[in-house]
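The values are calculated or read from the model by the stated rules, or taken from the named source; none is laboratory data. The model shown is predicted, which means the values in this text are computed figures rather than measured ones. Backbone-built Cβ (ideal geometry, glycine too); neighbour counts: all protein chains shown.
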Amino acid sequence: MSAPPLLCIVGPTAVGKTGLAIDLCRRYGAELVGADASQVYRGMDVGTGKATPEELGEVRHHLIDVVDPDQPFDAGAFMRHADAAIADITARGKRVVVCGGTGLYLQALLRGLCDAPPTKPEIQAELRAAITAGEHAALHAELSRVDPAAAARIAPLDGQRIERALGVYRSTGRPLSAWQAEHRFAEPRYPHRILGLERPRPALNARIERRLDQMIAQGFEAEVARLVDVGYGPALRSMTALGYRHFAASAAGEMSRAEARRQTLVATRRYAKRQLTWFRRVEGVQWFTPPVDPGEIAAYVAGLWPPGAASAETNG
């Protein structure tokens with residue numbers, strides 16, 4: 001059986017991906033597969049921007065609430081879970097919309113995992129000790145020198161990805177980004193089209209700030225406090241999601257609410273810039289600026305989903 005075609009929606013945080021994805025799911029009889037590295041964690045709802053049941057309506061959303069915040073989850077796990085969800089969706093005669101801003105997850109789904117060599121054990125031990133000691137800034141600075149392309153895509157506090165990128169370089173003398181560049185030419189695992197959303201930088205920054213304030217009003221700080229109370233500390237990878245460490249520090253009296261908000265806003269805008277850097281390097285992305293004309297979308301997806309080709313054209 002041939003692989004089902006996927007419509008993928010990408011772009012920076014707060015650009016409007018989820019709203020468009022839900023609309024397209026309703027219009028084309030599709031279900032939503034999330035490609036977001038933070039929304040897979042249970043209990044991290046407000047701060048990761050998960051769509052509410054009211055926003056989703058009858059649309060099913062897969063790849064959210066997959067693991068607890070202290071459980072491991074990576075691109076390989078995402079690929080396995082997403083493959084299973086896609087098989088289930090298509091077995092029920094539905095189409096698939098993949099939506100999210102985690103470029104590595106989308107790359108794993110569409111092209112498979114990069115086969116860069118594993119890090120040598122002694123180098124891995126050195127890097128893990130440095131990360132445990134809180135030396136993220138120095139390690140990220142080193143990564144910026146030896147593999148600037150990887151450093152531009154990796155957050156300064158993302159210890160797991162810093163360890164992987166530096167580990168590959170120290171083990172092989174070759175940047176991880178070079179291995180990944182070769183991997184870009186792998187055959188696609190699914191036929192697909194990629195729709196990218198972008199907005200002018202001032203407009204996007206304003207949307208990021210409005211959304212952060214909306215999250216705070218909806219109980220973001222209380223959500224962080226609950227997570228910390230049950231033992232999910234800031235050292236966990238899940239807690240590197242935007243804002244969680246800052247508001248955990250605020251709850252502990254280590255910084256003011258205003259400073260937590262400011263640092264979260266700065267980090268979110270930087271993250272949006274890294275996302276655009278990543279997706280602009282992805283081959284075949286068709287970029288749109290909201291509001292998107294439904295006619296333009298219909299023309300774009302016609303080659304992927306010919307009219308009448310699925311049994312579920314009834315949701316809108």
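For the stretch 274-307, a residue qualifies if it is exposed (fewer than 15 other Cβ atoms within 10 Å of the Cβ), assigned to a helix (DSSP H, G or I) and not aliphatic (A, V, I, L, M), and the qualifying residues are Thr277, Arg280, Pro294, Gly295, Glu296.
Does the stretch 31-40 contain any residue that is among the charged types (D, E, K, R), modelled with pLDDT of 95 or more and farther than 30 Å from Tyr169 by Cβ? Scanning the stretch 31-40 turns up at least one residue that is among the charged types (D, E, K, R), modelled with pLDDT of 95 or more and farther than 30 Å from Tyr169 by Cβ.
Return yes or no: is Leu227 more than 27 Å from Ile9 (Cβ to Cβ), touching a residue at least 60 places away in the same chain (Cβ under 8 Å) and either assigned by TED's automatic domain parsing to the domain that holds Arg161 or surrounded by 13 or more Cβ atoms within 10 Å (Cβ to Cβ) (or both)?
Working: more than 27 Å from Ile9 (Cβ to Cβ): yes; touching a residue at least 60 places away in the same chain (Cβ under 8 Å): yes; either assigned by TED's automatic domain parsing to the domain that holds Arg161 or surrounded by 13 or more Cβ atoms within 10 Å (Cβ to Cβ) (or both): yes.
Criteria met by Leu227.
Being under 17 Å from the mean Cα position of the chain (by Cα), closer than 21 Å to Leu7 by Cα and aliphatic (A, V, I, L, M) is the filter here; which residues of the stretch 28-76 pass it? Scanning the stretch 28-76 gives Leu32, Val33, Ala35, Ala37, Val40, Ala51, Leu63, Ile64, Ala75. Leu166 - would you say it is in the same structural domain as Val285 (by TED's automatic domain parsing), out of contact with any Ser or Thr (no Cβ under 6 Å at 6 or more places or on another chain), of a type in the set (A, V, I, L, M, F, W, C) and within 27 Å of Ala108 (Cβ to Cβ)? Spelling it out, it is not the case that Leu166 is in the same structural domain as Val285 (by TED's automatic domain parsing), out of contact with any Ser or Thr (no Cβ under 6 Å at 6 or more places or on another chain), of a type in the set (A, V, I, L, M, F, W, C) and within 27 Å of Ala108 (Cβ to Cβ). Residues of the stretch 155-173 being touching a residue at least 24 places away in the same chain (Cβ under 8 Å) and in a loop (DSSP other than H, G, I, E, B), which ones? Residues satisfying the conditions are Ala155, Leu157, Asp158.
State whether one or more residues within the stretch 250-264 are of a type in the set (Lys, Arg), loosely packed, with under 12 Cβ neighbours inside 10 Å and modelled with pLDDT of 95 or more. No, the stretch 250-264 has no match at all. Scanning the stretch 109-139 for residues that are within 30 Å of Val97 (Cα to Cα) and at pLDDT below 85 yields Leu113, Cys114, Asp115, Ala116. May I ask you to verify whether Arg80 is more than 14 Å from the chain's Cα centre (by Cα), more than 23 Å from Ala272 (Cβ to Cβ) and surrounded by 15 or more Cβ atoms within 10 Å (Cβ to Cβ)? When the stated conditions are applied, Arg80 does not pass them. Against the test of being within 21 Å of Leu276 (Cα to Cα), outside the structural domain of His61 (by TED's automatic domain parsing), in contact with a helix residue (DSSP H, G or I) (Cβ under 6 Å, 6 or more places away or on another chain) and crowded, with 16+ Cβ neighbours inside 10 Å, the options Ala108, Ala151 yield a single qualifying residue, Ala151. Of all the criteria given as (1) in the same structural domain as Tyr271 (by TED's automatic domain parsing); (2) not in a helix (DSSP H, G or I), the one not satisfied by Gly134 is (1).
Inspection of the stretch 188-210 identifies no residue that is polar (S, T, N, Q), buried (at least 18 other Cβ atoms within 10 Å of the Cβ) and either at negative phi or assigned by TED's automatic domain parsing to the domain that holds Gly16 (or both).
On the basis of being modelled with pLDDT of 90 or more, under 23 Å from Arg280 (Cβ atoms) and not in a helix (DSSP H, G or I), does Gly101 make the cut? Give the derivation first.
Values: modelled with pLDDT of 90 or more: yes; under 23 Å from Arg280 (Cβ atoms): yes; not in a helix (DSSP H, G or I): yes.
Spelling it out, Gly101 is indeed modelled with pLDDT of 90 or more, under 23 Å from Arg280 (Cβ atoms) and not in a helix (DSSP H, G or I).
Every residue, every condition in (1) acidic (Asp, Glu); (2) in contact with a Gly (Cβ under 8 Å, 6 or more places away or on another chain); (3) farther than 26 Å from Tyr271 by Cα; (4) modelled with pLDDT under 90, yes or no:
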{"residue": "Ala149", "(1), (2), (3), (4)": "no, no, no, yes"}
{"residue": "Gly173", "(1), (2), (3), (4)": "no, no, yes, no"}
{"residue": "Gln180", "(1), (2), (3), (4)": "no, no, no, yes"}
{"residue": "Glu187", "(1), (2), (3), (4)": "yes, no, yes, yes"}
{"residue": "Pro191", "(1), (2), (3), (4)": "no, no, yes, no"}
{"residue": "Gly196", "(1), (2), (3), (4)": "no, yes, no, no"}
